[in-house]
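*Asks:* The structure's right below; bear with me while I get my questions together.
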Amino acid sequence: MKLVFAGTPEVAVPALDALIASGRHEVAAVVTRPDAPAGRGRRLVASPVAERAEEAGIEVLKPVKPRDEDFLARLREIGPDACPVVAYGALLPRVALEVPAHGWVNLHFSLLPAWRGAAPVQHAIMAGDEITGASTFLIEEGLDSGPVYGTVTEEIRRTDTSGDLLTRLAFAGAGLLVATMDGIEDGTLKAVPQPADGITLAPKITVENAHVDWSAPALRVDRMVRGCTPAPGAWTAFRGERLKLIHATPVPERTDLAPGELSVGKNNVYVGTGSYAVELLWVQAQGKKPMRAADWARGVRIASGERLGA
């Protein structure tokens, strides 16, 4: 089939690479978000998908909005049979959805209908799910509600951050997306409506959402830190400034600390929760680089009885 691939961040690149490498389909063009300011200089930088497409000699389309007439005219001119999508980052209007004969097929990083929305991997970890996966589905105007072509499952490991899990799903999902394109082309794959039961939502996690509540149980704190790593980053307050929590681990044998209370040893930093303590391993103070928690604690000279949190 002739394909127009839509995607923006690094997590979408494995799927684009897999479609290019398949040899069965032609990736005629790529649709991605416009160049965005990045770095200290805030200079405009192309998306990872745009950079990869340019390396491969593929036409890149960067509409400000996917309903822009110039973009729609070019899309119709290309005439794709299908448009595979991975984390494109913009809502597709009906006028765009109607262009390809086989529609726009999204690779979503959950087992639908669970975790519909922008942050499925983060929410799966924060909810304590043991299994997640990826799904390919036909995009319609509802939020991730279209019929499903196929799924692949993935275990959530005890120490997974959302970054770890998303990386594995990106590569597993790339194979699923290629297989979905193959099945659509040869007519062996039909989309099945999602069940009405089991729907959960995964809205974008904001910085405010990532504020750690030390009165919560240690396992919930652990899931919050892992689910929000690398973005937006779980955090707490210390001496009136934000302290980002990069890596922590529950310590069931420490039950002597009040919620938020710090205990500092030579090479360890413990903090109390609503159940037992967690050990802080890596943190990032405001305006500083990430560092080992023990090094941070030595630098700030934590006093007896000091606490994290409001």
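The values are calculated or read from the model by the stated rules, or taken from the named source; none is laboratory data. Small disclaimer: the values here were computed from a predicted structure and weren't measured. For neighbour counting, all protein chains shown are included, and Cβ atoms are generated from backbone atoms with ideal geometry for every residue, glycine included. Calculation scope for accessible area: heavy atoms of the full protein, side chains included, ligands and nucleic acids excluded. Shrake-Rupley method; radii C 1.70, N 1.55, O 1.52, S 1.80 Å.
*Asks:* Could you tell me which residue of segment 37-51 is nearest to Ala15 (Cα to Cα), considering only residues that are hydrophobic (A, V, I, L, M, F, W, C), open to solvent by less than 50 Å² (accessible area, probe 1.4 Å) and modelled with pLDDT of 90 or more?
*Replies:* In this case the residue turns out to be Val49.
*Asks:* Have a look at Pro14, Pro34 and point out the one that is part of a loop (DSSP other than H, G, I, E, B) and either of a type in the set (Gly, Ala, Ser) or open to solvent by less than 50 Å² (accessible area, probe 1.4 Å) (or both).
*Replies:* Pro34
*Asks:* While we're on this one: Check Gly299, Gly287, Gly274 and return the single one that is part of a helix (DSSP H, G or I) and either under 28 Å from Asp129 (Cα atoms) or not hydrophobic (A, V, I, L, M, F, W, C) (or both).
*Replies:* Matching residue, one of Gly299, Gly287, Gly274: Gly299.
*Asks:* Could you check segment 84-142 and list, in sequence order, the residues that are of a type in the set (D, E, K, R) and either touching a helix residue (DSSP H, G or I) at 6+ places or on another chain (Cβ under 6 Å) or under 20 Å from Ala29 (Cβ atoms) (or both)?
*Replies:* Glu98 - this is the single residue of segment 84-142 that is of a type in the set (D, E, K, R) and either touching a helix residue (DSSP H, G or I) at 6+ places or on another chain (Cβ under 6 Å) or under 20 Å from Ala29 (Cβ atoms) (or both).
*Asks:* Which number in (1) under 18 Å from Gly128 (Cα atoms); (2) assigned to a helix (DSSP H, G or I) marks the one condition that Pro230 misses?
*Replies:* So Pro230 meets the others, but not (2).
*Asks:* Return the total of residues in segment 69-90 being open to solvent by 30 Å² or more (accessible area, probe 1.4 Å), within 13 Å of Leu107 (Cα to Cα) and modelled with pLDDT of 95 or more.
*Replies:* Total satisfying the criteria: 1.
*Asks:* Take the residues in segment 118-165 that are surrounded by fewer than 20 Cβ atoms within 10 Å (Cβ to Cβ) and in a helix (DSSP H, G or I); name whichever of them is farthest from the chain's Cα centre (by Cα).
*Replies:* Restricting to residues being surrounded by fewer than 20 Cβ atoms within 10 Å (Cβ to Cβ) and in a helix (DSSP H, G or I), the top hit is Asp164.
*Asks:* Oh, and also: Do you know which of the residues in segment 91-117 that are out of contact with any strand residue (DSSP E or B) (no Cβ under 7 Å at 6 or more places or on another chain) and farther than 21 Å from Ile131 by Cβ is surrounded by the most Cβ atoms within 10 Å (Cβ to Cβ)?
*Replies:* Checked segment 91-117; the qualifying residue surrounded by the most Cβ atoms within 10 Å (Cβ to Cβ) is Ala96.
*Asks:* Same structure, new question: Among the residues of segment 180-199, write down those that are among the aliphatic types (A, V, I, L, M), over 15 Å from Lys2 (Cα atoms) and modelled with pLDDT of 95 or more.
*Replies:* Leu189, Ala191, Val192, Ile199
*Asks:* Taking segment 186-208 on its own, how many of its residues are under 15 Å from the mean Cα position of the chain (by Cα) and open to solvent by 50 Å² or more (accessible area, probe 1.4 Å)?
*Replies:* So the count comes out to 5.
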